[in-house]
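The values are calculated or read from the model by the stated rules, or taken from the named source; none is laboratory data. Bear in mind that the values here come from a model prediction, so they are computed numbers and not experimental data. With ideal geometry, Cβ positions are generated from the backbone for all residues, glycine too; neighbour counts draw on all protein chains shown. What goes into the accessible areas is simple: the full protein's heavy atoms, side chains included, and nothing from ligands, DNA or RNA. Shrake-Rupley method; radii C 1.70, N 1.55, O 1.52, S 1.80 Å.
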Amino acid sequence: MAKSRRNQPQRQAPRPGNAPSGKQGQPAAPPSWRERLRFGRQPTAPGRRRRVSRREREERQKRQLFWGMGIAGALIAVILVGFAANEYWFKPRHVLATVDGTKIRREDYWKVRSYDLLNQAAQFQQLAQFSDSQQASQYQSMAQQAITELDSVWGSTTTDDTTLSKMVDDQVYLKNLDTLGLSISQQDVDDYIAQQFEPSNAPIYTPTATATLIPTRAAWATETAFASTATAAAGAATPAASPEAVGSPEAAETTGSPAAVASLAGATAEAGAASSPVVPVAETPAASPVASESSPAAASPGAEASPAGSPSPEATVSPTPNQDEARQTAAAGYQQFQDNAFDKTHLSQADYERLIVRPLVARQKVRETLEAQVGQTADQIHAEHILVSTKELADSIYQQLQQPDANFEQIAKDQSTDTTTAPNGGDLGWFPRGIMVPAFDDVAFATQPGQISQPFKTEFGWHIVKVLASEPNRALTDQQINQLKSKKVQDWLDEQRAGMHITSEAKPTPTPAEQEFQAPPDAPPTPTSTPTPIASPEGEPGASPQPQEG
């Protein structure tokens, strides 16, 4: 047994680095070049590391450096692409508000806000020209603030609630023109632009004729004209517009001057002054027709003394341009406006028509249509009221008024919290429906003359109303007509808003917890206590009193 084992051939161990072959006892074939390329070089002996040449180390380091630089470059490229996409795509296209599916994007907001600020600056500068030194300095400071803000609008993420709310209302006007049977054509847009730049002394389009005044209102207008003339002759200054009013949607709609905006943006003085619809009127205010015909103060003493009646060199009037010249002036003014204001506001001509002109035309059409529905007369009542904060106090006062000797006016002076009418015994004057809140109108117009209403509640508190008289078709004052017109437009706008799906990032104006009651515009003025002047020994009123000798 042992002998047979010694005679058997012994197996040879495979050489290091060689794989066993398919046949037992034969050395394995060396690896092919493909295997070496795939698996790399193997160590020739176990536990022994292959020596790496310097060239191989340098090549490996280069490869690592190239990979690192490539990864860093890719990250930087991703960051830059993301930043550019945010700045030039996502941020401008961010939706700030929607009106029945119409999206108001930030890019359009930037354009409208820029135009509003440029318009505000132009208005403040115009006000500064006709104010005293102190007010002029304030207006100039406000104009500079608007220009400074203008430079930071584009690309910002802040939002002015007034501008965004105005843009929302613009869409409400545009989308609801058909409810009044109105529409806007390209000709309407072109006409509106031409009117903004037409010469002040040669209007291209005939203004809409105003309704003929009824006799009572005509007499009031004449009295007002004489009073205005007397005030002007006395040297009274015209009150300037409040800073809060400048830049509001109403101010932008009625007092905005594209030519003044262009002038502020860098236009040359000649064309801008000739085509501005605001500045020339302010520099040479037209006299009232009534005042010019009836007021001696309007005539020049020098002109009266001149036998020939020839005007002085200073009073020479330039010839009125014809229609062709007027249109050329308007076209030149609009071109100047485009060259200067469009660059500052990032507006194109299509943007200007879409974002600025069409909304203004829509507002103008709606306003004119609704205001035409307000007449010159209306059913009116003359009433007094008492306003208190609680029902218990109102009930107690009502019981007092049932006594035969009760004095409504004296109780109003003593108990009413309406500081405007309480000194007058609660007198509200004459007013039609629509001036007061609906809850007040419903009770007041249902109360017969000479009667006192039971206490009723409005958003201001608890009221008791006494109707003194009523009159059908009583003439409305200018203040009443203006208030009824404004309310007519606002009620229509609120009604359209209520029927639309509107979302906006503009913060809603908070409603005050306690609202102050507003008396009608023609209520008797609150009496002011004037101290009685003490006569001096010489009889001069207002002189300081002299000690009497004893």
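Pairs are defined by a Cβ separation below 8 Å, a sequence spacing of at least 6 or placement on different chains, a first member in the stretch 164-187 that is farther than 14 Å from Gln490 by Cα and without any contact (Cβ under 8 Å) to a residue 24 or more places away in the chain, and a second member that is assigned to a helix (DSSP H, G or I) and open to solvent by less than 30 Å² (accessible area, probe 1.4 Å); the pairs so defined are Ser183/Leu177. Of the numbered criteria (1) exposed (fewer than 13 other Cβ atoms within 10 Å of the Cβ); (2) under 30 Å from Gln479 (Cβ atoms), the one Thr417 fails is (1). All of (1) modelled with pLDDT under 95; (2) open to solvent by 30 Å² or more (accessible area, probe 1.4 Å) hold for Leu393 with one exception: (1). Return the residue satisfying two criteria in turn: it lies in the stretch 164-210 and is among the aliphatic types (A, V, I, L, M) and within 22 Å of Lys103 (Cα to Cα), and of such residues it is surrounded by the most Cβ atoms within 10 Å (Cβ to Cβ). Here the answer is Met167. Filtering the stretch 145-163 to residues that are touching a residue at least 12 places away in the same chain (Cβ under 8 Å) and either open to solvent by 80 Å² or more (accessible area, probe 1.4 Å) or not polar (S, T, N, Q) (or both) leaves Ala146, Ile147, Glu149, Leu150, Val153, Trp154, Gly155, Thr157, Asp160, Asp161.
Regarding Ala439, is this residue small (Gly, Ala, Ser), under 20 Å from Leu393 (Cα atoms) and either touching a strand residue (DSSP E or B) at 6+ places or on another chain (Cβ under 7 Å) or not in a helix (DSSP H, G or I) (or both)? For Ala439, the condition - small (Gly, Ala, Ser), under 20 Å from Leu393 (Cα atoms) and either touching a strand residue (DSSP E or B) at 6+ places or on another chain (Cβ under 7 Å) or not in a helix (DSSP H, G or I) (or both) - is met. Only one of the numbered conditions (1) farther than 30 Å from Arg433 by Cβ; (2) at pLDDT below 95 is violated by Gly375, and that is (1). Considering every residue within the stretch 469-488, establish whether at least one is in contact (Cβ under 8 Å) with a residue 60 or more places away in the chain and under 21 Å from the mean Cα position of the chain (by Cα). Checked the stretch 469-488: at least one residue is in contact (Cβ under 8 Å) with a residue 60 or more places away in the chain and under 21 Å from the mean Cα position of the chain (by Cα). Residues in the stretch 442-465 that are assigned to a loop (DSSP other than H, G, I, E, B) and over 35 Å from the mean Cα position of the chain (by Cα): Thr447, Gln448, Pro449, Gly450, Gln451, Ser453, Gln454, Pro455. Yes or no: Pro423 surrounded by 15 or more Cβ atoms within 10 Å (Cβ to Cβ), part of a helix (DSSP H, G or I) and under 36 Å from the mean Cα position of the chain (by Cα)? In short, no. Total residues in the stretch 356-379 satisfying the condition of being hydrophobic (A, V, I, L, M, F, W, C), open to solvent by 20 Å² or more (accessible area, probe 1.4 Å) and farther than 30 Å from Ala475 by Cβ: the figure is 1.
Considering only the stretch 104-125, I want to know if a residue exists there that is part of a strand (DSSP E or B), of a type outside the set (S, T, N, Q) and under 18 Å from the mean Cα position of the chain (by Cα). Before you say what the answer is, go through the steps one by one.
So the first thing to find is which residues in the stretch 104-125 are part of a strand (DSSP E or B), and the list is 104-105.
The next check asks that each one be of a type outside the set (S, T, N, Q); those that pass are 104-105.
Subset that is under 18 Å from the mean Cα position of the chain (by Cα): 104-105.
Yes - at least one qualifying residue is present in the stretch 104-125.
Pull up the stretch 336-372, narrow it to residues that are assigned to a loop (DSSP other than H, G, I, E, B) and of a type in the set (A, V, I, L, M, F, W, C), then point me to the one that is nearest to Ile481 (Cα to Cα).
Ala372
With respect to (1) within 22 Å of Asp170 (Cα to Cα); (2) touching a residue at least 24 places away in the same chain (Cβ under 8 Å); (3) open to solvent by 40 Å² or more (accessible area, probe 1.4 Å); (4) out of contact with any strand residue (DSSP E or B) (no Cβ under 9 Å at 6 or more places or on another chain), the lone exception for Gln123 is condition (3).
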